[in-house]
Amino acid sequence: MLGLGGIKEKLEQAKLKAEATKLRLDSVHVEGASGEYVRVISTANSRIVQILLNDKAKTFSAGELSRHTLVATNVALEKARSINEAEMAAVARETMPNIPGMPNLESMFK
């Protein structure tokens, strides 16, 4: 059983590992698309890094272009969120102590 010092050490390890994972996820890219017209590239930390339009999309009305951009962005962000949650849950599983009576600590990293 972990004493208070051991728990504190485990929590610090979890914090450091979570920070390192967040930094690593900045280099993981995901893509969302709306047909062949718009592609949005995001990091796994949900930062949009690029929006690409094909030639046909450049002729769309503002409303149509906006709709395609929203669809592609939402797809990219959903993929990013999924990867981020899985990675942070893995950090929690690896580093968090099992404390009787405590709720599932994986949710702290979502």
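Excluding same-chain residues fewer than 8 positions from LYS22, which aspartates and glutamates have a Cα within less than 17 Å of its Cα?
List returned: GLU12, GLU78, GLU85, GLU87, GLU94, GLU106.
Which of the aspartates and glutamates could a cross-linker span from LYS79 if the Cα-Cα distance has to be under 12 Å and same-chain partners fewer than 8 positions apart are dropped?
GLU31
Within the stretch 14-64, report the trypsin sites (Lys or Arg not before Pro) that DSSP leaves as loop and that have at most 13 other Cβ atoms within 10 Å.
On the way: sites: LYS15, LYS17, LYS22, ARG24, ARG39, ARG47, LYS56, LYS58; in loops: ARG47, LYS56.
Sites meeting the loop and neighbour criteria: ARG47, LYS56.
We did not get these values from a lab; they are worked out from the coordinates using the rules stated. Please read these numbers as outputs of a predicted model, since none were measured by experiment. As a convention, Cβ positions derive from the backbone with ideal geometry for all residues, glycine included, and neighbour counts pool all protein chains shown.
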